[in-house]
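Engineer: Here it is, the structure in full.
Bear in mind these aren't lab numbers, they're just calculated from the coordinates by the rules spelled out. Since this is a predicted model, take the numbers as computed values, not measurements.
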């Protein structure tokens, strides 16, 4: 497996987050963030939103989700995830 590949770590962050295991979600979100610099812009913004949301940097997470929404207005994930930040903040 390519050591720079971020997707498996992103999946772990999302799964642990969905299970309510915030500590593990933060751990894997941080690992994903470290590996995401080579991703295309859309993927990197998605990872940024997940990472910053997981570490409760709300302003940075909203910036990432807003940038992703501007890049892909028809994509529902950015609006949904940004809403989650406000809902659970």
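Engineer: Would you mind getting the Kirkwood hydrodynamic radius of the chain from its Cα pairs, rounded to one decimal in Å?
Structural biologist: Value: 12.8 Å, from the Cα pair sum.
Engineer: Something else now. For residue 7 and residue 38, compute 0.36 nm times the residue count separating them, minus their Cα-Cα distance, and round to one decimal in nm.
Structural biologist: So the chain would gain 10.0 nm between residue 7 and residue 38.
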